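The values are calculated or read from the model by the stated rules, or taken from the named source; none is laboratory data. Predicted, not measured: the structure shown is a model, and the values here were computed from it. Here Cβ is always computed from backbone atoms with ideal geometry, including for glycine, and neighbour counts include all displayed protein chains.
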Amino acid sequence: MQATPFDIESLLAAQQADFDIMHMMRSLEELPQRAIILSCRQKREAMQQKVAKIEALKKETAKKRSRMNDEDASLQKKEAGVQAAIEAAGNDYRNAEARTKELDGIFRRRTALAEEMAQLDAELAKIGQLEDQAAAALAEVDAQEAAATESFKQEGGRLKAGIADAERRREERLGAVTAELADAYRTTSKHMGTVVIGRLEEGRCGVCRAGIDPGRQIELRSQAPVTFCPICKRLLIVE
């Protein structure tokens, strides 16, 4: 293909722009903030599951505490009634004795309930501490993710702007050459990736390094200064 030195310079500059795009896209994919954000989300999910278990435990413990409190209130009311009955019994000792035994049973049950409720209150206090710890851990994870997200936006934004600038430079360079050269570059890039252009160096393609027989070299030189490598099909600069 016919090409001026300026055309060859433009094609090489387009390829350099593609190199820059490739490096920046790789840097964008490898930003450490991605791993931090993913880790934070995984930690949050695990913590939320733990919080759900804590809430379920708290609810069940609170229900037990409420039932015991209701039972104690009922016993307290019954205790008052039995006490009143003892006082009203007067000299009826048998009745008073029976009521006293009943009162003693109520007292023992209320004492046991008081101990159990104290234990449940202690459990609820521990559960409250677990809730506070989980809330603090979640807040810390949220802060880490927010910081990583903001950093990713800034650094990722810079890389994306660089990619856009390199794409603009590539298109400007391709727009400065003939349509035939530009189409050849784009078609080769589509099939071969970033490395589009090689040079004929000591009878070899500078990219695939395949040796080219002398007869074929003569043919390639007749197509100079830009042709295709007969082996890898990349654009080949023949000087």
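Restricting to region 18-32, count the residues that are in contact with a Gly (Cβ under 8 Å, 6 or more places away or on another chain) and assigned to a helix (DSSP H, G or I). The qualifying residues number 3. Pairs linking a residue in region 162-176 that is farther than 16 Å from Ser189 by Cα and surrounded by fewer than 17 Cβ atoms within 10 Å (Cβ to Cβ) to a residue that is modelled with pLDDT of 95 or more and of a type in the set (Ser, Thr, Tyr), with Cβ atoms under 7 Å and 6 or more positions apart or on different chains, are Ala176/Ser10. Taking Ala88 as the residue in question, decide whether it is of a type in the set (A, V, I, L, M, F, W, C) and under 16 Å from Arg67 (Cα atoms). Judged against the criteria, Ala88 is not a match.
Restricting Lys126, Lys78 to residues that are surrounded by 15 or more Cβ atoms within 10 Å (Cβ to Cβ), of a type in the set (D, E, K, R) and assigned to a helix (DSSP H, G or I) narrows the list to Lys78. Counted as qualifying within region 137-239 are the strands (runs of 3 or more DSSP E) with 3 or more residues that are touching a strand residue (DSSP E or B) at 6+ places or on another chain (Cβ under 8 Å) and not polar (S, T, N, Q), namely 197-201, 235-237. In this structure, is Ala73 modelled with pLDDT under 95, in a helix (DSSP H, G or I) and either in contact with a strand residue (DSSP E or B) (Cβ under 7 Å, 6 or more places away or on another chain) or among the small types (Gly, Ala, Ser) (or both)? No, not satisfied. Selection over region 176-198 of residues that are of a type in the set (Lys, Arg) and at pLDDT below 95 gives a count of 1. Quick test of your reading of the structure: Gly105 fulfils all but one of (1) in contact with a helix residue (DSSP H, G or I) (Cβ under 6 Å, 6 or more places away or on another chain); (2) under 30 Å from Thr61 (Cβ atoms); (3) of a type outside the set (A, V, I, L, M). Name the failing condition by number. Answer for Gly105: the failing condition is (1). Residues in region 211-239 that are closer than 16 Å to Gly193 by Cβ and basic (Lys, Arg) were compared, and the one that is nearest to the chain's Cα centre (by Cα) is Arg234.
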